[in-house]
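*Asks:* Questions regarding the structure given below will be posed in turn.
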Amino acid sequence: MSGDNREINHSLPIHYSQNYLISEGLIDRLLQQSNIHSNDAVFDIGAGKGILTKALLNMGCKVTAVELDEKNILYLKKRFSNEKRFTLLRGDFMELPLPDGSYKVFSNIPFFITSDIFNKITQAKNPPLDTYLILQKQAAIKYSGTMETTLKSLLLKPKFNMKIMHRFSRNDFSPKPNVDIVLLHIQKRKFDEFTMKEFELYRDFICYCYKNNRTFPKRIFSHRQLKELRIRHGISNYQTSAIAYEEWIILFKCFLQYVSDEKKSQVTGSYRQYLLQDFKLKKQFRSRE
Ligand SMILES: C[S@@+](CC[C@H](N)C(=O)[O-])C[C@H]1O[C@@H](n2cnc3c(N)ncnc32)[C@H](O)[C@@H]1O
């Protein structure tokens with residue numbers, strides 16, 4: 001389902017998202033701290049003039065640069081024409097297929113399609129092992145659940161570990177962005193927390209709880225189960241954003257093991273409803289731009 005219901009608004013000015021990185025030294029330092037190594041296949045989404053591509057090639061990586069802007073495409077072609085480990089994919093990243101083999105991503109992405117890029121990467125059949133995205137701080141906080149638990153972070157956490165690795169100065173870009181920018185590391189978990197079937201039920205469970213944020217404990221669990229959760233696991237505050245991921249896992253496991261099938265069926269379809277609502281919201285937002 002990677003980006004399959006996305007409507008691209010080609011009337012959007014792509015220059016809107018052209019905040020170029022300017023410090024090669026900083027990029028080298030960040031790459032040194034990353035899990036990217038020589039011979040890795042790495043995607044640079046929105047390669048621009050190629051500052052990240054160049055640093056990755058210097059490290060010995062095989063780089064696939066993706067770029068939409070014709071001017072940048074011509075520039076990249078010229079700049080890297082002699083590089084054997086360089087591939088240029090011209091066009092919209094959202095329209096391009098992702099590889100079957102193992103790969104990583106290190107990108108300063110076009111901010112106006114952050115959520116589309118995020119969805120495409122994290123919902124891919126074969127997601128990258130390590131993804132490093134330079135993106136707006138607010139978006140990184142929302143996806144990673146850094147300040148408080150969010151619905152988006154809960155949907156991602158069974159499959160990915162996420163951590164803000166670096167906070168940029170606005171002076172690290174040209175032109176200077178008018179929002180704070182960070183580097184977010186998204187690492188595919190080595191072992192799945194759940195089977196596929198359990199994961200589908202987990203997503204429904206989480207979306208149902210967020211939708212019924214005041215009433216879900218009583219709708220789902222019996223009085224006795226709530227007492228057990230309080231005594232054994234210390235869970236008594238059911239405000240969704242205050243429940244840590246580890247506690248959500250305990251709640252879900254209790255739901256999985258002890259809740260009747262009849263009660264379980266009430267959460268079915270909640271994730272689908274959430275996706276539809278999210279899609280409608282995005283459509284409204286885009287048509288207002
Ligand atoms: C924030 S700039 C980053 C440029 C460069 N990587 C850097 O760090 O200096 C984002 C780049 O993404 C390109 N871009 C915008 N929309 C895109 C899309 N849908 N697919 C691929 N590239 C896109 C823009 O033309 C721009 O060069």
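*Asks:* Do we find that Lys77 is assigned by TED's automatic domain parsing to the domain that holds Phe118, more than 10 Å from the ligand (Cβ to nearest atom), in contact with a strand residue (DSSP E or B) (Cβ under 7 Å, 6 or more places away or on another chain) and closer than 15 Å to Pro128 by Cα in this structure? Working first, answer last.
*Replies:* Working: assigned by TED's automatic domain parsing to the domain that holds Phe118: yes; more than 10 Å from the ligand (Cβ to nearest atom): yes; in contact with a strand residue (DSSP E or B) (Cβ under 7 Å, 6 or more places away or on another chain): yes; closer than 15 Å to Pro128 by Cα: no.
In short, no.
*Asks:* Answer yes if at least one residue in segment 121-136 is surrounded by fewer than 20 Cβ atoms within 10 Å (Cβ to Cβ) and in a helix (DSSP H, G or I), and no otherwise.
*Replies:* Taking every residue of segment 121-136 in turn, none turns out to be surrounded by fewer than 20 Cβ atoms within 10 Å (Cβ to Cβ) and in a helix (DSSP H, G or I).
*Asks:* Looking at segment 89-98, which of its residues are surrounded by 14 or more Cβ atoms within 10 Å (Cβ to Cβ) and away from the ligand (no atom under 11 Å from the Cβ)? Before you say what the answer is, go through the steps one by one.
*Replies:* From segment 89-98, those surrounded by 14 or more Cβ atoms within 10 Å (Cβ to Cβ) are 89-90, 92-94, 96, 98; that's our starting set.
Leu98, the sole residue that qualifies.
*Asks:* Does Asn171 satisfy the criteria of being without any contact (Cβ under 8 Å) to a residue 40 or more places away in the chain, farther than 25 Å from Ala41 by Cα and of a type outside the set (D, E, K, R)?
*Replies:* Details: without any contact (Cβ under 8 Å) to a residue 40 or more places away in the chain: yes; farther than 25 Å from Ala41 by Cα: yes; of a type outside the set (D, E, K, R): yes.
Considered against the rule, which asks whether it is without any contact (Cβ under 8 Å) to a residue 40 or more places away in the chain, farther than 25 Å from Ala41 by Cα and of a type outside the set (D, E, K, R), Asn171 comes out as yes.
*Asks:* For segment 14-39, name all the residues that are assigned to a helix (DSSP H, G or I) and buried (at least 18 other Cβ atoms within 10 Å of the Cβ).
*Replies:* So in segment 14-39, the residues assigned to a helix (DSSP H, G or I) come out as 14-17, 24-32.
Scanning segment 14-39 gives Ser17, Ile27, Leu30, Leu31.
*Asks:* Across segment 99-115, what is the number of residues that are more than 8 Å from the ligand (Cβ to nearest atom) and either within 16 Å of Ala47 (Cβ to Cβ) or outside any loop (DSSP other than H, G, I, E, B) (or both)? Let's see the steps before the verdict.
*Replies:* Going through segment 99-115, the residues more than 8 Å from the ligand (Cβ to nearest atom) turn out to be 99-106, 114-115.
From the residues that got through so far, the ones that are either within 16 Å of Ala47 (Cβ to Cβ) or outside any loop (DSSP other than H, G, I, E, B) (or both) too are 103-106, 114-115.
Residues meeting the conditions: 6.
*Asks:* Only one of (1) buried (at least 20 other Cβ atoms within 10 Å of the Cβ); (2) out of contact with any Cys (no Cβ under 9 Å at 6 or more places or on another chain) fails for Phe106. Which number is that?
*Replies:* So the condition that Phe106 fails would be (2).
*Asks:* Looking at Val63, Val42 in this structure, which one is surrounded by 22 or more Cβ atoms within 10 Å (Cβ to Cβ), farther than 26 Å from Asn178 by Cα, more than 12 Å from the ligand (Cβ to nearest atom) and at pLDDT 95 or above?
*Replies:* Numbers: Val63 fails: more than 12 Å from the ligand (Cβ to nearest atom).
After ruling out the rest, the residue left standing is Val42.
Okay, residues lined up against (1) within 11 Å of the ligand (Cβ to nearest atom); (2) at pLDDT 95 or above; (3) under 22 Å from Ser115 (Cβ atoms); (4) not charged (D, E, K, R):
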site: Ser17; (1), (2), (3), (4): yes, no, yes, yes
site: Ile22; (1), (2), (3), (4): yes, yes, no, yes
site: Ile27; (1), (2), (3), (4): yes, yes, no, yes
site: Ser38; (1), (2), (3), (4): no, yes, no, yes
site: Ala47; (1), (2), (3), (4): yes, yes, yes, yes
site: Leu52; (1), (2), (3), (4): yes, yes, yes, yes
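One line per residue, one yes/no per condition, for (1) within 25 Å of Gly101 (Cβ to Cβ); (2) out of contact with any helix residue (DSSP H, G or I) (no Cβ under 6 Å at 6 or more places or on another chain):
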position	(1), (2)
Gln18	no, yes
Leu30	yes, yes
Asn35	yes, yes
Ala41	yes, yes
Gly48	no, no
Ala55	yes, no
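*Asks:* Would you please name the residue that is nearest to Tyr271 (Cα to Cα), looking only at residues in segment 152-182 that are within 18 Å of the chain's Cα centre (by Cα) and basic (Lys, Arg)? So that I can check it myself, show each step before the final result.
*Replies:* Taking segment 152-182 first, the residues within 18 Å of the chain's Cα centre (by Cα) are 152-167, 180-182.
Checking which are basic (Lys, Arg) leaves us with 152, 157, 159, 163, 167.
Values: Lys152: 11, Lys157: 15, Lys159: 16, Lys163: 25, Arg167: 32 Å.
Among residues in segment 152-182 that are within 18 Å of the chain's Cα centre (by Cα) and basic (Lys, Arg), the one nearest to Tyr271 (Cα to Cα) is Lys152.
*Asks:* For residues that are of a type in the set (Gly, Ala, Ser) and either part of a strand (DSSP E or B) or exposed (fewer than 11 other Cβ atoms within 10 Å of the Cβ) (or both), tally how many sit in segment 166-187.
*Replies:* Our first condition is that a residue be of a type in the set (Gly, Ala, Ser); within segment 166-187, this holds for 169, 174.
If we keep only those that are either part of a strand (DSSP E or B) or exposed (fewer than 11 other Cβ atoms within 10 Å of the Cβ) (or both) as well, we get 174.
So the answer is 1.
*Asks:* Of all residues in segment 254-274, how many are exposed (fewer than 15 other Cβ atoms within 10 Å of the Cβ) and not polar (S, T, N, Q)?
*Replies:* 7
*Asks:* If a residue has to be surrounded by 16 or more Cβ atoms within 10 Å (Cβ to Cβ) and out of contact with any His (no Cβ under 6 Å at 6 or more places or on another chain) to count, how many in segment 242-253 make the cut?
*Replies:* Within segment 242-253, the first condition is being surrounded by 16 or more Cβ atoms within 10 Å (Cβ to Cβ), and the residues that meet it are 243, 247-252.
Now restrict to residues that are out of contact with any His (no Cβ under 6 Å at 6 or more places or on another chain): 243, 247-249, 251-252.
Of the residues in segment 242-253, 6 are surrounded by 16 or more Cβ atoms within 10 Å (Cβ to Cβ) and out of contact with any His (no Cβ under 6 Å at 6 or more places or on another chain).
*Asks:* Let me ask something else about it. Being modelled with pLDDT of 95 or more, away from the ligand (no atom under 15 Å from the Cβ) and of a type outside the set (Gly, Ala, Ser) is the filter here; which residues of segment 126-147 pass it?
*Replies:* Initially, segment 126-147 is screened for residues modelled with pLDDT of 95 or more, giving 126-145.
This time we only want the ones that are away from the ligand (no atom under 15 Å from the Cβ), so: 126-130, 138, 141-145.
Those that are modelled with pLDDT of 95 or more, away from the ligand (no atom under 15 Å from the Cβ) and of a type outside the set (Gly, Ala, Ser): Asn126, Pro127, Pro128, Leu129, Asp130, Gln138, Ile141, Lys142, Tyr143.
The values are calculated or read from the model by the stated rules, or taken from the named source; none is laboratory data. Predicted model only: the values in this text are computed from it and were never measured. No Cβ is skipped: glycine too gets one built from the backbone with ideal geometry, and neighbour counts run over all protein chains shown.
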